[in-house]
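Chemist: Have a look at the structure that comes next, please.
Coordinate-derived values only; no laboratory data. Here the structure is a predicted model, which means the values were calculated and not measured. All Cβ positions, glycine included, derive from the backbone under ideal geometry; neighbour counts span all protein chains shown.
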């Protein structure tokens, strides 16, 4: 999680959005001491639909030993991020949106297709909801 990113190596969180739109994320990043850069409308991050391009451009220029991008949102956004960032060699951690009826993985309502092939699924309530994008997006 975020604590693991903050420990051991200098890092920086690059978040597409505004801190007031994601107060829990902002607070958690502050708690673990991970410096955070918000790419919101004020910083030119989202108003014209170029948020993904700007995030990729900015992430490529960060002077950190292992850049990691954290993202949450609807699946089409996460897929677009994966298509944009993974070819650049950036690590992408995605928080998937899935119904979590039982919360213990028995009902399988929270399954997310995995990359290992047809019939392979990950349970968001038990194994997630945060996954390495390489595990869930081709």
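Chemist: Label-point separation (nm) for residue 95 and residue 121, each offset 7 Å from Cα along Cα-to-Cβ?
Modeler: Computed distance between label sites residue 95 and residue 121 equals 2.3 nm.
Chemist: While we're here: With labels modelled as points extended 7 Å from the Cα through the Cβ direction, what inter-label distance (nm, one decimal) is found for residue 132 paired with residue 37?
Modeler: Spacing of the two 7 Å Cα→Cβ label points: 2.5 nm.
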